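Asks: Please see the structure below; I have some questions.
Please treat every number below as a calculation from the coordinates, not as lab data. Everything quoted here is computed from the prediction, not taken from an experiment. Glycine gets a Cβ as well: all are built from the backbone with ideal geometry, and neighbour counts include every protein chain shown.
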Protein chains: 2
Amino acid sequence: MNIEKEKDLASSRARIMKALAHPTRIFMVELLSRKEMSVGELTAAVGADVSTVSKHLSLLKQEKILSHTRDGKTVNYSLICPCILEFIHCLDEVISPDAGKGSSCSLVRK
Amino acid sequence: MNIEKEKDLASSRARIMKALAHPTRIFMVELLSRKEMSVGELTAAVGADVSTVSKHLSLLKQEKILSHTRDGKTVNYSLICPCILEFIHCLDEVISPDAGKGSSCSLVRK
DNA sequence: ACTTCATTTGGTCTTTTTGCCAAATTACAA
DNA sequence: TTGTAATTTGGCAAAAAGACCAAATGAAGT
């Protein structure tokens, strides 16, 4: 692969990473991996202003991580691809594969 | 796990994500997964100001993703844990597991 | 049509992130 | 010690991201 293509790929990856690179957003993705939730429920769970939560959600939607369906006057969000959760957990599993063993990889402490 | 612990974990994960959430940084990690490189080599490869590259590197160092050793007047950077690369590729593999198949998961296009 | 509840959008302010320049540091060689 | 190449640091301006309020929109129910 040539260097320009590699840079493009890096940009694509960085966009996704960036969408997940926020405590509230990553937490919401974790919550949504368990069950779909409305904006109100998510707002209560994360403890922030509704408008803030809504904007986080639309960012994740824009990056095609979440989808939403309207049900009456509430809007439910859910993971488009539940495997994104695996990706996040990949951080814990892969980056600190042997948390107890005193390995050199210990980026995320549980 | 209680909700506060979950939020803490989300923050830890977000810190790592954030360190990787930049085209240049993610590209450098990819390069460094192949072989260790000096600041000068990386600068040439990514095409940015040396000082900029140096700052990106120290951010990655701070997050314990990279380590460095001095060799004469050059400094060589390398991945502390090569498995971080697997994590990044996890984005491609896990998030769009079946790129050709017309799946609903297609965040990263190659 | 009028209200009410849930969510989104617009606007603004603050904080963080980037990127470059110039100056400082480090190591080595003459 | 002087000079030179490689890297880091400090400082500053521009750009992006985040948070909150207020106003707008959407979907029922009265």
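Asks: Could you list the residues of region B:14-33 with an amide nitrogen less than 13 Å from a label point located 7 Å from the Cα of residue B:78 in the Cα-to-C-beta direction?
Replies: Inside the label zone: B:32-33.
Asks: Quick one: which of B:57-68, B:14-25 comes out on top by average Cβ neighbours within 10 Å, and what's the full order, highest first?
Replies: B:14-25, B:57-68
Asks: Distance in nm between label sites at residue B:1 and residue A:38, each 7 Å beyond Cα in the beta-carbon direction?
Replies: Here the answer is 2.7 nm between the modelled labels.
Asks: Per residue of A:78-90, what is the mean number of Cβ atoms on other protein chains within 10 angstrom of that residue's Cβ? List each step's numbers first, then the result.
Replies: Numbers: counts 0, 1, 5, 9, 1, 7, 6, 1, 5, 9, 8, 3, 10.
Neighbouring Cβ atoms belonging to other protein chains average 5 per residue here.
Asks: Work out how much length residue A:68 to residue A:50 would gain on full extension: take 0.36 nm times their residue separation and subtract the Cα-Cα distance, in nm to one decimal.
Replies: Roughly 4.9 nm would be gained on extension.
Asks: For the charge dipole of region B:3-79, defined by +1 on Lys and Arg C-beta atoms and -1 on Asp and Glu C-beta atoms about the Cα centroid, which residue among B:17, B:43, B:33 has the Cα displaced farthest towards the positive pole?
Replies: The residue sitting most towards the positive pole is B:17.
Asks: Checking the table A:55/B:61; A:18/B:5; A:35/A:64; A:64/B:5 against a 21 Å threshold on Cα-Cα, which pairs fail?
Replies: Table pairs above 21 Å Cα-Cα are A:55/B:61; A:18/B:5; A:64/B:5.
Asks: Would you mind counting up the charge near residue A:36? Only other residues with Cβ under 14 Å from its Cβ, with Lys and Arg at +1 and Asp and Glu at -1. Walk me through the intermediate numbers first.
Replies: On the way: positive: A:34, A:35, A:61, A:70; negative: A:30, A:41, A:71.
Once positives and negatives cancel, what remains is +1.
Asks: Which aspartates and glutamates have a Cα lying under 14 Å from the Cα of residue A:73, excluding residues fewer than 8 positions away in the same chain?
Replies: The reachable aspartates and glutamates, counting only those whose Cα sits under 14 Å from residue A:73, are A:41.
Asks: Helix-derived [θ] at 222 nm for the protein assembly as shown: sum -39500 (n - 2.57) over DSSP H runs of at least 4, divide by residue count, nearest 500?
Replies: Estimated from H runs of four or more residues: -18500 deg cm²/dmol.
Asks: Moving on. Please give the charge dipole size of the protein assembly as shown, origin at the Cα centre, charges +1 on K and R Cβ atoms and -1 on D and E Cβ atoms. Round to the nearest 20 debye.
Replies: Its charge dipole is roughly 360 debye.
Asks: Å³ per residue of the Cα convex hull, for region A:1-90?
Replies: 101
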